[in-house]
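Okay, structure first, notes after.
Any read-out appearing in this document is the output of simple, stated calculations on the displayed coordinates, not a laboratory observation. Since this is a predicted model, take the numbers as computed values, not measurements. Don't worry about glycine lacking a Cβ; one is built from the backbone with ideal geometry, like all the others, and counts go over all protein chains shown.
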Amino acid sequence: MLTRVKSAVASFMGGVMAGGSGGEHPGAGGGYGGSDLPLRFPYSRPQFLGLSPDEIECSADHVARPILILKETKRLPWATGYAEVINAGKSALNEDQACCEVLVVKRRPSGSATPTDRRRSSLPNGEGLSLKDTPDSSEDLTFHYWALFDGHAGSGAAVVASRLLHHHIALHLQEVTEILCTPNLLPPTLLDEEPVNHLLTATSSRALTRAASLRGAAGAPGSPGTPPARFFAEKKVSHESLVIGAIENAFKDMDVQIEKEKGAYNISGGCTALMVMCLQGKLYVGNAGDSRAIIIRAGEVIPMSSEFTPESERQRLQFLAYMQPHLLGNEFTHLEFPRRVQRKEVGKRMLYRDFTMSGWAYKTIEDDDLKFPLIYGEGKKARVLATIGVTRGLGDHNLKVHDSNIYIKPFLSCCPEVRVYPLSQHEHGADDVLVLGTDGLWDVLSNQEVAEAVSGFLANCDPDDQHRYTMAAQDLVMRARGVLKDRGWRISNDRLGSGDDISVYIIPLMYGNKQN
């Protein structure tokens with residue numbers, strides 16, 4: 001077992017699983033070499049960069065690591081800035097992906113869709129909902145969308161998610177468009193119509209009957225005649241909560257679609273997902289993984305996401321392993337120790353902690369404690385089941401512990417944390433921005449360092465220059481990548497630069513105020 005674990009850790013530290021993305025090539029579309037399945041989408045760089053095939057090939061230079069930026073600022077809304085750079089050799093391709101769209105969700109006419117129509121639309125194919133040029137009306141919902149996806153063990157899942165996640169969000173928003181477009185209407189507890197998206201069944205008909213019974217609805221058991229008076233008040237649900245629920249369900253549906261389509265398409269690996277949606281004067285930031293979003297407002301840093309790693313989610317993972325020990329394959333223990341337990345220490349007392357503890361205590365070491373820990377390592381080196389360093393994201397359905405039949409997916413969650421920022425309640429200046437970045441940025445720069453770099457750069461730019469945000473994104477990526485020296489990529493104070501893929505959005509918030 002120890003040899004197996006060492007092998008898995010060694011392979012993942014290089015960013016590639018056994019048999020992983022080293023088999024990728026630009027024509028592989030994120031798939032591994034040797035797969036006979038067709039690609040769901042071909043590999044490319046973000047469409048808004050407008051790169052030719054030759055430019056894409058030149059961008060994959062692991063030695064020069066050229067920084068890619070927007071050719072035209074008009075390609076993105078709000079004069080958004082974007083820049084990216086490939087890794088220093090961790091994987092053949094840049095496994096980050098990005099997407100930016102302006103979508104219009106039209107109110108669904110009553111009774112216009114048959115159950116068959118709904119089933120056909122339940123698996124988005126990347127067409128039909130991105131209506132940038134369609135004029136909106138008071139009955140439509142328009143939202144702006146930015147997203148970053150950081151792939152691992154291949155770029156396939158990141159490519160698919162970058163093409164489709166926003167369509168899942170639009171589908172779920174369409175179900176509640178009428179409610180969201182009526183400010184004074186509280187969301188009703190019960191709807192008569194079927195949902196558009198049947199990928200996930202939230203409740204069974206039996207559960208609905210039970211819910212109706214609790215509300216004392218006519219026709220429910222125990223109420224053959226007129227409905228009796230309600231015996232409790234219903235919980236009030238806000239419009240904001242409906243939007244959050246739409247985002248959460250969209251992530252789940254995206255994960256289900258990837259799993260279903262793996263049988264027909266070559267969709268490699270998994271990915272983290274960080275998205276921002278501007279809707280009705282609010283920013284909704286959803287994060288599943290270790291990318292990060294911060295708002296810089298008047299020099300102040302406002303964190304808009306949390307990273308989900310083996311350390312930050314230790315107690316959730318340990319509780320799952322405790323409740324379902326078969327997931328550990330009799331080779332791992334859910335307990336955490338400060339270091340590996342040695343056989344000669346059986347019978348002695350050692351520091352430990354389990355899912356109930358944030359602190360540490362002593363326990364007597366038993367034979368079961370000699371198994372490899374569910375979570376091992378610190379910081380960026382922490383791994384779940386000695387394999388993966390992130391605990392939330394999309395894909396990874398076939399990921400196993402190296403040379404075993406122990407699946408890792410049960411420990412991974414596709415559910416995002418969603419934070420809301422009341423954009424319309426604040427006046428924003430030209431230097432107030434939202435920064436999104438994959439972990440390649442945050443591995444080497446802190447929130448404060450990023451805020452100081454962006455604010456310092458923008459302060460020296462013409463406030464009316466719409467290219468300033470693209471230039472600021474380029475400067476930020478350059479600071480994180482560093483300069484190639486004899487001892488590798490180096491940043492300020494001769495610190496080690498980021499050898500990972502780096503992708504950055506800088507989104508000026510004042511344009512959101514103008515829109516609202």
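For the reader, a short list of remarks on this structure follows.
- For a label point 7 Å along the Cα-to-beta-carbon line of Lys236, residues of region 243-285 with backbone N under 18 Å: 243
- Separation of region 420-461 from region 490-516 is 7 Å, based on Cα centroids.
- Förster radius 56 Å - calculated FRET efficiency between Glu178 and Leu496 (Cβ-Cβ, nearest 0.05): 0.55
- Of the peptides 99-106, 180-187, the ranking by mean beta-carbon count within 10 Å, highest at the top, reads 99-106, 180-187.
- FRET E, pair Ser35, Asp140, Förster distance 35 Å, beta-carbon r, rounded to 0.05: 0.30
- Approximate spin-label separation Thr356-Gln315, in nm, with each point projected 7 Å along Cα-to-Cβ: 1.3
- A simple spin-label model places the labels of Glu449 and Gln515 3.2 nm from each other, with each point 7 Å out along Cα-to-Cβ.
- Legend: calculated FRET efficiency, Arg349 to Cys461, from the Cβ-Cβ distance at R0 = 45 Å, rounded to 0.05, equals 0.15.
- Straight-line reach from Lys400: taking Cα to Cα under 29 Å and skipping same-chain neighbours fewer than 8 places apart, the lysines in range are Lys6, Lys90, Lys252, Lys260, Lys262, Lys371, Lys380, Lys381, Lys409.
- Available extension along the chain between Asn330 and Leu185 is 46.9 nm, counting 0.36 nm per residue and deducting the alpha carbon span.
- Compactness index (Cα Rg / 2.2 N^0.38 Å), region 419-516: 1.18
- Evaluated at q = 0.14, 0.15, 0.19, 0.22 Å⁻¹, the base-10 log of the normalised Debye intensity for region 244-333, with identical point scatterers placed on the Cα atoms, takes the values -0.77, -0.86, -1.12, -1.20.
- Here the contact order of region 335-456, divided by its residue count and restricted to Cα pairs under 8 Å and six or more residues apart, works out to 13 percent.
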